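Shown next, in structure tokens, is the structure this report addresses.
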Amino acid sequence: MPDGGPVLVVDDDASIRDAVRDVLESAGIAVETASNGADALEQVSRHRPRLVLLDMRMPVLDGWGFASALQDRGLALPVVVMTAAADAGRWAEEIGAIGVVAKPFGAAELVSAVHRYSAAAGN
């Protein structure tokens, strides 16, 4: 995968963040994590990610708020919604995400999705 910055994993569930980070790092993919949209905005200001894996339902600042804040700041980042919700496809459309990764997912499926969506985004 080209060196286009880390993948930013945004999820309020620490066990999911840790599992996703471990899987991606074991595949040689650099990862940053955030526990909510506000933390993610701080991360984005420090390290522009190649891809954002975004949970939608989080405290402090949810996925919709994060996507809106990115737009307000003029930042066009490739976002993939990462959720178990049945409405994932509609939510992805609402925020302009490039795709969805449905929870629960396997390690190989996750790595494949990150490669696929990073390539689609030109990263």
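Data table
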| item | result |
| --- | --- |
| Backbone N within the range 70-98 under 19 Å of label point (7 Å from residue 38 Cα along the Cβ vector) | 70-73 |
| Computed magnitude of the charge dipole of the range 44-123 (debye, nearest 20; Cβ of K, R +1, Cβ of D, E -1) | 300 |
| Cα extents of the range 56-107 along the three principal axes, largest first (Å) | 33, 23, 21 |
| Heavy-atom accessible surface of the chain: percent carbon and sulfur, 1.4 Å | 49 |
| Full-stretch length increase - residue 84, residue 45 - with 0.36 nm per residue and alpha-carbon distance subtracted | 11.2 nm |
| Column: log10 I(q)/I(0), Debye, Cα scatterers of the range 22-94, q = 0.22 Å⁻¹ | -1.04 |
| Built amide H within the under 5 Å cut-off of residue 31, gap 5+ | 7 |
| For the chain, alpha-carbon Rg and Dmax in angstrom | 12.7, 34 |
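The values are calculated or read from the model by the stated rules, or taken from the named source; none is laboratory data. Not measured: the values here are computed from a predicted model. Don't worry about glycine lacking a Cβ; one is built from the backbone with ideal geometry, like all the others, and counts go over all protein chains shown. Heads up: the accessible areas ignore ligands, DNA and RNA and are worked out on the full protein's heavy atoms, side chains in. Shrake-Rupley method; radii C 1.70, N 1.55, O 1.52, S 1.80 Å.
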